[in-house]
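Visitor: One structure coming up, written as structure tokens, with questions to follow.
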Amino acid sequence: MKKAVKILVSMVLILSMGLSLSACTQNTSESDKNKDITLVLDWTPNTNHTGFYVALEKGYFEEEGLNVTIVQPPEDGATTMVASGQAQFGIDFQDYLAPVFTSGEEIPVEAVAALIQHNTSGIISLKEDGIETPRGLEGKNYATWDLPVEKAMLQNIVEADGGDYSKVNLIPEYVENEPAALKQDIDAIWVYYAWAGISCKQAGLDTNMIYFKDITPEFDYYSPVIIANTDWVNSNPETTRAFLNACKKGYEFAVENPDEAAEILCKQVPELDPELVRESQEWLADQYMADVTRWGYIDQARWDAFYSWLYKNGLSDEIAPGYGFTNEFLPE
């Protein structure tokens, strides 16, 4: 959830490691009876990750012959850990992966499943401030991470709504407590609604939410995704399928049983706020598999559309169609 820090760290360190990452790739044999798997999260545990904890609690990984350990990422990010072979699987976001795929090096990382089918991020503001559409950001204070992609996306939606982007007050500020910031000097923040948006609601704030995907279709990218070490999965295809099958069972359980899934997440991660988890879980139950019948499916047209937009706007080198993801290992 801490987007600014993670983007800055992962972009620098992924690009600096280069080909040396692939030298560390694991090639564990599939003949092992019980397979040790490390899954590294993108940040602290939250409801994006519930299916994994359900799979642990319900024994779905064990049924597949897997011994799965879930860890939080180091400062250099989940993608670096996966690419270097320290973890077989991790969590990242399609927008964060663009610099990995365009680094000029063959960094062995690809997305193997979507955790949420649509981009649930957008701009949140207090209803009293009247920011009902992007044009309403004119004259308002927006907390920016000061990143080129972020500001280009913001400019796009403001201008698509007929607004003047130059009139948006960009305030460089890393917001950790969204409700507190909205009560003070910040009028608008980029958030993922399932966590920060609901946190604002539970703080008693009446808010407006503008989703990026509702303004510009190219911004309906995949956020987040399960990433894997490409070399490892190619050497261990059946283990990869087994892992994703257990994840599928965990997320399908969370879809059908959001309250029990929330309880499981809180049991596994007791420091979480139970009320926030419960409401977030209920909201996400409709998002994990929205519009698809196959858990984890990634649509190439949507995947390519976002990267094409980045390229056309000078924000990334060109990424070949279909590059960086696969549906090959998903359970039917």
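Visitor: What pairs come up if the first residue lies in region 191-218 and is within 24 Å of residue 160 (Cα to Cα) and β-branched (Val, Ile, Thr), the second is open to solvent by 30 Å² or more (accessible area, probe 1.4 Å) and part of a strand (DSSP E or B), and their beta carbons are under 8 Å apart, counting only those six or more places apart or on different chains?
Guide: Hits for this filter: zero, empty list.
Visitor: Could you go through region 252-262 and let me know if any residue there is touching a residue at least 40 places away in the same chain (Cβ under 8 Å), in contact with a Leu (Cβ under 9 Å, 6 or more places away or on another chain), within 20 Å of residue 67 (Cα to Cα) and open to solvent by less than 40 Å² (accessible area, probe 1.4 Å).
Guide: No, there is no match, as no residue in region 252-262 is touching a residue at least 40 places away in the same chain (Cβ under 8 Å), in contact with a Leu (Cβ under 9 Å, 6 or more places away or on another chain), within 20 Å of residue 67 (Cα to Cα) and open to solvent by less than 40 Å² (accessible area, probe 1.4 Å).
Visitor: For residue 285, work out the one condition from (1) open to solvent by 30 Å² or more (accessible area, probe 1.4 Å); (2) without any contact (Cβ under 8 Å) to a residue 40 or more places away in the chain it doesn't fulfil.
Guide: Every condition holds for residue 285 apart from (1).
Visitor: Among what's in region 109-131 and is within 19 Å of the chain's Cα centre (by Cα) and part of a loop (DSSP other than H, G, I, E, B), pick the residue that is farthest from residue 206 (Cα to Cα).
Guide: Taking region 109-131 and keeping what is within 19 Å of the chain's Cα centre (by Cα), we get 109-124.
From what's left, part of a loop (DSSP other than H, G, I, E, B): 115-120.
Numbers: 115: 28, 116: 25, 117: 26, 118: 24, 119: 22, 120: 18 Å.
The selected residue is 115.
Visitor: Restricting attention to region 172-199, report how many residues are open to solvent by 50 Å² or more (accessible area, probe 1.4 Å) and more than 23 Å from the chain's Cα centre (by Cα).
Guide: Counting residues in region 172-199 that are open to solvent by 50 Å² or more (accessible area, probe 1.4 Å) and more than 23 Å from the chain's Cα centre (by Cα) gives 3.
Visitor: For region 149-180, how many residues meet the condition of being in a helix (DSSP H, G or I) and of a type outside the set (Ser, Thr, Tyr)?
Guide: Count: 16.
Visitor: Same structure, new question: How about region 35-80: which of its residues are part of a helix (DSSP H, G or I), under 23 Å from residue 238 (Cβ atoms) and open to solvent by 10 Å² or more (accessible area, probe 1.4 Å)?
Guide: First, pick out the residues of region 35-80 that are part of a helix (DSSP H, G or I): 47-58, 60-63, 78-80.
Within this subset, residues satisfying the condition of being under 23 Å from residue 238 (Cβ atoms) are 51-52, 54-56, 58, 60-63.
Once the filter is applied, which keeps residues that are part of a helix (DSSP H, G or I), under 23 Å from residue 238 (Cβ atoms) and open to solvent by 10 Å² or more (accessible area, probe 1.4 Å), region 35-80 yields 56, 58, 60, 62, 63.
Visitor: For region 291-310, indicate whether the set of residues that are at pLDDT 95 or above and over 21 Å from residue 118 (Cβ atoms) is non-empty.
Guide: No - not one qualifying residue is present in region 291-310.
Visitor: Which residues, taken from region 95-106, are open to solvent by 10 Å² or more (accessible area, probe 1.4 Å) and either of a type in the set (Gly, Ala, Ser) or assigned to a loop (DSSP other than H, G, I, E, B) (or both)?
Guide: 102, 103, 104, 105, 106
Visitor: Which pairs turn up if I take residues in region 133-144 that are on the phi < 0 side of the Ramachandran plot and look for partners that are assigned to a loop (DSSP other than H, G, I, E, B) and open to solvent by 40 Å² or more (accessible area, probe 1.4 Å) with beta carbon separation below 7 Å, at least 6 apart in sequence or on another chain?
Guide: As it stands, the answer is 133/161; 134/161; 135/161; 135/162; 136/130; 138/164; 141/185; 143/173, since those pairs meet every condition given.
Visitor: Sticking with this one: When both residues are 6+ apart or on different chains and their Cβ atoms are under 7 Å apart, which pairs have a first residue that lies in region 62-82 and is under 17 Å from residue 228 (Cβ atoms) and in contact (Cβ under 8 Å) with a residue 12 or more places away in the chain, and a second that is in a helix (DSSP H, G or I) and open to solvent by 50 Å² or more (accessible area, probe 1.4 Å)?
Guide: If the second residue must be in a helix (DSSP H, G or I) and open to solvent by 50 Å² or more (accessible area, probe 1.4 Å), the pairs left are 68/56; 77/13; 80/13; 80/17.
Visitor: So, one more: If you go through region 274-283 one residue at a time, do you hit one that is farther than 25 Å from residue 61 by Cβ and at pLDDT below 95?
Guide: Checking region 274-283: not a single residue is farther than 25 Å from residue 61 by Cβ and at pLDDT below 95.
Visitor: Does region 132-148 contain any residue that is outside any strand (DSSP E or B), open to solvent by 40 Å² or more (accessible area, probe 1.4 Å) and among the small types (Gly, Ala, Ser)?
Guide: yes
Visitor: Shifting gears a bit: Identify all residues within region 292-306 that are farther than 19 Å from residue 247 by Cβ and surrounded by fewer than 13 Cβ atoms within 10 Å (Cβ to Cβ); write none if there are none.
Guide: 300, 301
Visitor: Something else: Take residue 92 and tell me if it is crowded, with 21+ Cβ neighbours inside 10 Å and either of a type outside the set (S, T, N, Q) or in contact (Cβ under 8 Å) with a residue 24 or more places away in the chain (or both). Lay out the reasoning, then the answer.
Guide: Details: crowded, with 21+ Cβ neighbours inside 10 Å: yes; either of a type outside the set (S, T, N, Q) or in contact (Cβ under 8 Å) with a residue 24 or more places away in the chain (or both): yes.
Yes.
The values are calculated or read from the model by the stated rules, or taken from the named source; none is laboratory data. This structure is a prediction, so every number in the text was calculated from the model and none was measured. Neighbour counts are summed over all protein chains in view; Cβ atoms, including those assigned to glycine, are modelled from backbone coordinates with ideal geometry. Surface accessibility is based on the protein's heavy atoms, side chains included, excluding ligands, DNA and RNA. Shrake-Rupley method; radii C 1.70, N 1.55, O 1.52, S 1.80 Å.
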